[in-house]
Amino acid sequence: MAKSGTPVLRFAPSPTGYLHIGGARTALFNWLYARRTGGTFRLRIEDTDRQRSTPEAIAAIFNGLTWMGLDWDDEPVFQFARAERHREIAEAMVARGHAYRAYDTAEELDAMRTRQKAEGKPVRSRWRDAGPNDATPDIAPVIRLKGPTSGETLVRDVVQGDVRFSNENLDDMVLLRSDDTPTYMLAVVVDDFDMGVTHVLRGDDHLNNAARQLQIIHGMGWPEPVYGHVPLIHGADGAKLSKRHGALAVEAYRDMGYLSEAMRNYLLRLGWSHGDEEIIPTAQAIEWFNLEGIGRSPARFDLKKLDSINAHYMRQLDEAALTTELMATAERLVPERKLGETIRARLNSAMGGLKSRAKTLLELNEAAEFLYADGPPILNAKAAQVLSPEAKALIKKFIATIENLPWESSELESQTKTLAEKEGVSLGDIAQPLRAALTGKTTSPPVFDVLIALGREEALTRLSAHAA
RNA sequence: GCCCCCAUCGUCUAGCGGCCCAGGACGUCGCCCUCUCACGGCGAAAACGCCGGUUCGAAACCGGCUGGGGGCACCA
């Protein structure tokens, strides 16, 4: 239950698909503000569209929010279950003279819409001013809002400022359908009131709706919530975010190897700022988040910047934790693969060198692949090219040199440098063949760190195999 | 068509009348470090959409234009 006097925020998705980037950011802002103010963050599933709402989508929303680390207070409210209450309010609106029953036929509705297009006048049924005795019983009526025809409705928006709508442009929207089911417009207002919502932070696309919703609120004499309409997120090309760009399920980003903390940081900075701060861990965000910092213009989604922030948080993680994340990623990618404790130790040992070479867990996984199995790695084309007969000869000399050395990075390195001098080659002339034989690739963490991570036995196995 | 919102480097943004011939970050390009690739360090190119006002002074305030976006259902 909400503590009295504290803000009540809500996130109210309709379960017709997954939780995408835009929804995730809206949820994040609401959550942040609730946490910041000691308020309540509630969840409402707007499942009144029975055709399009699915249990899978509901699960996807819960999972998405959970991955994002956005925990909600109280039990989620399911809008469809509250239809009776919505009907009750629709009737109350009629009783108060702020709504009316309209018995228009399909043809009449068509005519009204055509007129609306032509004259730019809002839809108003002829039943608006008819008495109850004029009812035609063979047509199931809808209940429409009886909006004022003059004056203006003011939306006091904390993000967009004061926005005025002339009432003559606002039409008599349907509140209750002819089958007695409530429309979204009605349900939102009633639910927000019943849930005690004090702040409505939602997408910009609802700004026009706010004026209409306010008319219901005024009709019922309910308190106005604080509105904040956050600009939408656009794709990289500036067009509306679609499935082509980034309107992927938020968990798709987990699968692409992003950390949820990085995602939170990135999404926060998309449309909100605190001076020049770029790296804002969640704990800091909770301290700083405010409504004033929300920008007014739409932002484009940019994967490059997400990459960079993600790289930061990956490096920030301690090596043991990152190793755990990496192993989970590796095993998710190849479910039949089982990485044991030996591999964990190897990964942990190499992690320092590995993590500065990856921006995502997927890249980290790729860089770490040579550590997942025993035996000589398969060479890629470049690595095969590096392993010339001369290179193989150098590897053999290297093996002979280090055979009796303590297995320690700096010792191995200094002895290799001595060997290089003796052979009249550069350190790189030896290091590259070693790297190729050890990892199967031409790029990796420093070779001496690789030797240590692999351990003497495994390293020598790989070197001898590829030097042959 | 009608209603509404927005407008600073390629991108995210700082700026709330003088601190700005505009700052930070990502990206890009150089250089340094270096066994590879990265990380890191240093440096560079890069923006106030246009036109009018207001003001001693405008990126900031006002108006118009242009350009983006959103909304106009018995969808949410």
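Annotations for the structure displayed:
- Test set (1) part of a loop (DSSP other than H, G, I, E, B); (2) free of Cβ contacts under 8 Å to residues at least 24 places away in the same chain - A:Ala283 fails condition number: (1)
- In segment A:215-230, of all residues being within 13 Å of RNA strand B (Cβ to nearest atom) and within 13 Å of A:Arg156 (Cα to Cα), the one that is surrounded by the most Cβ atoms within 10 Å (Cβ to Cβ) corresponds to A:His229.
- Selection within segment A:429-453 - within 39 Å of the chain's Cα centre (by Cα), near RNA strand B (Cβ under 6 Å from one of its atoms) and of a type in the set (S, T, N, Q): A:Thr442, A:Thr443, A:Ser444
- Residue match in segment A:386-396 (condition: of a type in the set (S, T, N, Q) and either surrounded by 20 or more Cβ atoms within 10 Å (Cβ to Cβ) or at pLDDT below 95 (or both)): no
- Test: A:Arg212 is under 28 Å from A:Ser297 (Cβ atoms), of a type in the set (D, E, K, R) and in a helix (DSSP H, G or I): yes
- If the condition is being of a type outside the set (A, V, I, L, M), within 15 Å of RNA strand B (Cβ to nearest atom), at negative phi and at pLDDT below 95, then segment A:245-275 contributes A:His245, A:Gly246.
- Options A:Arg315, A:Arg357; residue that is under 25 Å from A:Leu463 (Cα atoms) and of a type in the set (D, E, K, R): A:Arg357
- Cross-chain or 6+ apart pairs with Cβ under 6 Å, segment A:414-428 first and among the basic types (Lys, Arg), then near RNA strand B (Cβ under 9 Å from one of its atoms) and part of a helix (DSSP H, G or I): A:Lys417/A:Leu427
- Filtered residues of segment A:400-420 (kept if buried (at least 17 other Cβ atoms within 10 Å of the Cβ) and of a type in the set (Ser, Thr, Tyr)): A:Thr416
- When residues of segment A:23-52 are limited to those that are modelled with pLDDT under 95 and either under 12 Å from A:Leu201 (Cα atoms) or polar (S, T, N, Q) (or both), the one nearest to RNA strand B (Cβ to nearest atom): A:Thr48
- Residue within segment A:340-358 that is part of a helix (DSSP H, G or I), in contact with a helix residue (DSSP H, G or I) (Cβ under 9 Å, 6 or more places away or on another chain) and more than 18 Å from A:Asp449 (Cβ to Cβ) present: no
- The number of residues in segment A:64-84 being touching a strand residue (DSSP E or B) at 6+ places or on another chain (Cβ under 9 Å) and either assigned to a helix (DSSP H, G or I) or away from RNA strand B (no atom under 13 Å from the Cβ) (or both) comes to 13.
- Leading residue by the ranking (farthest from the chain's Cα centre (by Cα)) among those in segment A:276-297 that are within 13 Å of RNA strand B (Cβ to nearest atom) and more than 12 Å from A:Val230 (Cα to Cα): A:Asp276
- The single residue among A:Gly97, A:Gly120 that is of a type in the set (Gly, Ala, Ser), surrounded by fewer than 16 Cβ atoms within 10 Å (Cβ to Cβ) and away from RNA strand B (no atom under 11 Å from the Cβ) turns out to be A:Gly97.
- Of the criteria (1) within 21 Å of A:Ile45 (Cα to Cα); (2) crowded, with 18+ Cβ neighbours inside 10 Å; (3) near RNA strand B (Cβ under 8 Å from one of its atoms), which one A:Met185 fails: (2)
- Qualifying residue in segment A:108-117 (condition: within 16 Å of RNA strand B (Cβ to nearest atom), at pLDDT 95 or above and out of contact with any helix residue (DSSP H, G or I) (no Cβ under 6 Å at 6 or more places or on another chain)): no
The values are calculated or read from the model by the stated rules, or taken from the named source; none is laboratory data. All of these numbers come straight from a predicted model, not from anything done at the bench. Reconstructed Cβ throughout: ideal geometry from the backbone, glycine too, with neighbour counts over all protein chains shown.
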